[in-house]
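Report on one structure; see the data block that follows.
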Amino acid sequence: MSSVASRLPLDVLRIIFTSIRKSSKNPNNDDYDIRRYLHSCILVNRSWCRAAIPLLWRNPFYYFKNGNAKLIDTYISCFGYEEYIYLEEEGLELHRESYARPTFDYASMLKRLDYDRFCQSVDVWCGYLVNAPYNSISLMIRALFKLFLTRSVILLHLVLGEWLSRKATDYRYKRLIEREFKNLLEPVRKLKIQGEFVKDRVLTELKDSCKNLDKLFVYLQDSPPNYTEELESLREFVNTQTRLKSLKVANVIPNSIFPSLSTQSKSLCSIHFWKIDFRNCEELPWENLTSCKSLQKLKFKDCTGFGENMYEGLTKSYFPNLKLLAIIGDSKNELDEYIIQPDWQAFLDCPVIWDTTTVEEFIKIHQFQSSSDKQTLLECQKFIDWGIKQGSVVVVGRWSIASALQRVDHVIRRVTLNWTYSDEFYNIYRQYLQVIHKWYL
């Protein structure tokens, strides 16, 4: 590391590190490399160390799906008198002398909590205890929550649920939704609820704490016994929001969520429908979607029902600020047929981006031989035309912008890119820069 770099002002270093983190807002494989880089920065000098430490400890549990007992040890070293006394009174004694006071107050740096991985870390830590009380896991979770409260943690991102093959219950979220810890959840701006567990109680309890979300993602189970209760809880949860900007829902009935869109019409900028069946929704209240005049991104992934009924509903809508219409994944029409046929989608290996280019031009350029393929693609024509009339870029197919630019750039006369980082955008920024580098060499 150069001597000039080591003397950079602290504010500049923070800007550099923050920009690195923003390139991986949803941590992925690339983020593990960034984490290692930040560890190296700690060794440069005090200024670099002070800038890097808060970034390393803003979301520590994400990286350990199977839990990490050392994280819990570090947080215990931040305990004050109140937390130690609470555990001792409940029968869980800690050897205070073995926990040296840390140089940094790591507990106050928490910004994102992956709750299931947090619980798994506590479980692993409790596994090393000898003659521990039966409820040691619950006691430690409560003690850590008390620590976060006393350190005035500003929790901005909360993730509930893991993608597990087995069904789960909502019991492990009991501590999180207790009234005692309501103040801990009030600052949350991003909430993600996923996994195969019953979510109606969690949604009902969280609506009083998480009222000022910017982003909400809720994945309901395919067919739980209390699916109706989940839908009702989700609708009430959305209705209580004051500033929701991004909404992503999966496995919901359109008629149940559409009325809630109008309650967020002034703030909603992005709506993402995932695994939703729009068939048999002739009386779907599209006017609620139409009321969202600030909408910039409208996405459909793995949805079914693209046909006349859905098109008639969309054509009633006009979004002056719409920048992106995306129909991606295994999307199907009303006859349950794939809009993007797998046989030639594999040939494309990218989405099709329409701006001023028509479907007929695309078919002519790629010389599809099968009339059924042509007809299937032409079924998208109305949706593509509608998206273009809104002034947006239309993406149909797989969600890989850089790959699309490489494969169909000779078709596009004008392209505007506008996206947010998601799990499917693995390494997308690096790919994008490589494409730009290739074009301008």
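The values are calculated or read from the model by the stated rules, or taken from the named source; none is laboratory data. What you see is a predicted model, and the numbers here were worked out from it, not measured in a lab. Using ideal geometry, Cβ is built from the backbone for each residue, glycine included, and neighbour counts are taken over all protein chains shown. For accessibility, only protein heavy atoms count, side chains too; no ligands or nucleic acids. Shrake-Rupley method; radii C 1.70, N 1.55, O 1.52, S 1.80 Å.
Within the range 88-107, restricting attention to residues that are farther than 17 Å from Phe148 by Cα, among the charged types (D, E, K, R) and in contact (Cβ under 8 Å) with a residue 12 or more places away in the chain, which residue is surrounded by the most Cβ atoms within 10 Å (Cβ to Cβ)?
From the range 88-107, those farther than 17 Å from Phe148 by Cα are 88-100, 103; that's our starting set.
With among the charged types (D, E, K, R) added as a condition, the list becomes 88-90, 93, 96-97.
With in contact (Cβ under 8 Å) with a residue 12 or more places away in the chain added as a condition, the list becomes 90, 96.
Working: Glu90: 16, Arg96: 13.
Restricting to residues being farther than 17 Å from Phe148 by Cα, among the charged types (D, E, K, R) and in contact (Cβ under 8 Å) with a residue 12 or more places away in the chain, the top hit is Glu90.
Which residues, counting only those in the range 190-229, are of a type in the set (Asp, Glu) and over 21 Å from Asn288 (Cα atoms)? Before the answer, list the steps.
The initial filter retains those residues of the range 190-229 that are of a type in the set (Asp, Glu), namely 196, 200, 205, 208, 214, 222, 229.
Glu196, Asp200, Glu205, Asp208, Asp222, Glu229 - these are the residues of the range 190-229 that are of a type in the set (Asp, Glu) and over 21 Å from Asn288 (Cα atoms).
Evaluate the following for Trp274: is it under 18 Å from Gln390 (Cα atoms) and either open to solvent by 10 Å² or more (accessible area, probe 1.4 Å) or out of contact with any Leu (no Cβ under 8 Å at 6 or more places or on another chain) (or both)?
Values: under 18 Å from Gln390 (Cα atoms): no; either open to solvent by 10 Å² or more (accessible area, probe 1.4 Å) or out of contact with any Leu (no Cβ under 8 Å at 6 or more places or on another chain) (or both): yes.
No: the conditions fail for Trp274.
Please go through (1) touching a Ser or Thr at 6+ places or on another chain (Cβ under 8 Å); (2) open to solvent by 40 Å² or more (accessible area, probe 1.4 Å) for Cys303 and return the number of the only condition it doesn't satisfy.
Here Cys303 meets the rest and fails (2).
Run down Thr290, Thr240 and say which single residue is in contact (Cβ under 8 Å) with a residue 12 or more places away in the chain, closer than 27 Å to Phe197 by Cα and either of a type outside the set (Phe, Trp, Tyr) or open to solvent by 10 Å² or more (accessible area, probe 1.4 Å) (or both).
Details: Thr290 fails: closer than 27 Å to Phe197 by Cα.
Matching residue, one of Thr290, Thr240: Thr240.
Going through the range 139-158 one residue at a time, which ones are outside any loop (DSSP other than H, G, I, E, B) and surrounded by 17 or more Cβ atoms within 10 Å (Cβ to Cβ)?
Restricting attention to the range 139-158, the residues satisfying the condition of being outside any loop (DSSP other than H, G, I, E, B) are 139-150, 157-158.
Result: Leu139, Met140, Ile141, Arg142, Ala143, Leu144, Phe145, Lys146, Leu147, Phe148, His157, Leu158.
At pLDDT 80 or above and either closer than 30 Å to Lys266 by Cβ or over 26 Å from the mean Cα position of the chain (by Cα) (or both): is that true of Phe362 in this structure? Write out each step before concluding.
On the way: at pLDDT 80 or above: no; either closer than 30 Å to Lys266 by Cβ or over 26 Å from the mean Cα position of the chain (by Cα) (or both): yes.
No, not satisfied.
Testing Ile85 on (1) more than 24 Å from the chain's Cα centre (by Cα); (2) in a helix (DSSP H, G or I); (3) exposed (fewer than 14 other Cβ atoms within 10 Å of the Cβ); (4) modelled with pLDDT under 90, one condition comes back false. Which one is that?
(4)
Could you tell me which residue of the range 52-82 is surrounded by the most Cβ atoms within 10 Å (Cβ to Cβ), considering only residues that are in a loop (DSSP other than H, G, I, E, B) and charged (D, E, K, R)? Lay out the reasoning, then the answer.
Start the filter on the range 52-82 by keeping residues that are in a loop (DSSP other than H, G, I, E, B), which leaves 57-59, 64-68, 77-80.
Checking which are charged (D, E, K, R) leaves us with 58, 65.
Details: Arg58: 15, Lys65: 12.
My answer is Arg58.
More than 25 Å from Gln221 (Cβ to Cβ), modelled with pLDDT of 90 or more and touching a Phe, Trp or Tyr at 6+ places or on another chain (Cβ under 7 Å): is that true of Leu314 in this structure? Lay out the reasoning, then the answer.
On the way: more than 25 Å from Gln221 (Cβ to Cβ): yes; modelled with pLDDT of 90 or more: no; touching a Phe, Trp or Tyr at 6+ places or on another chain (Cβ under 7 Å): yes.
Judged against the criteria, Leu314 is not a match.
Here is a check on your reading of the model: is Leu184 buried (at least 20 other Cβ atoms within 10 Å of the Cβ), under 24 Å from Tyr63 (Cβ atoms) and modelled with pLDDT of 90 or more? Step through it out loud before you land on a result.
Details: buried (at least 20 other Cβ atoms within 10 Å of the Cβ): yes; under 24 Å from Tyr63 (Cβ atoms): yes; modelled with pLDDT of 90 or more: yes.
It is true that Leu184 is buried (at least 20 other Cβ atoms within 10 Å of the Cβ), under 24 Å from Tyr63 (Cβ atoms) and modelled with pLDDT of 90 or more.
I'm checking my understanding of the structure. Among residues of the range 88-135 that are outside any helix (DSSP H, G or I) and aromatic (Phe, Trp, Tyr), which one is farthest from Tyr63 (Cα to Cα)? Quick ask: steps written out before the conclusion?
Residues of the range 88-135 outside any helix (DSSP H, G or I): 90-95, 99-105, 110-114, 127-135.
Next, from what is left, pick out any that are aromatic (Phe, Trp, Tyr): 99, 104, 128, 134.
Details: Tyr99: 23, Phe104: 20, Tyr128: 21, Tyr134: 28 Å.
Out of the qualifying residues, it is Tyr134.
Would you check if Ser256 is at pLDDT 90 or above and polar (S, T, N, Q)?
Values: at pLDDT 90 or above: no; polar (S, T, N, Q): yes.
Against the criterion (at pLDDT 90 or above and polar (S, T, N, Q)), Ser256 does not qualify.
Please go through the range 108-136 and give me each residue that is more than 12 Å from Gly67 (Cβ to Cβ), of a type in the set (Ser, Thr, Tyr) and open to solvent by 30 Å² or more (accessible area, probe 1.4 Å), ordered by number. So that I can check it myself, show each step before the final result.
The first filter runs over the range 108-136 and keeps only residues more than 12 Å from Gly67 (Cβ to Cβ), leaving 108-113, 115, 129-136.
Narrowing further to those that are of a type in the set (Ser, Thr, Tyr): 108, 115, 134, 136.
The answer is Ser108, Tyr134.
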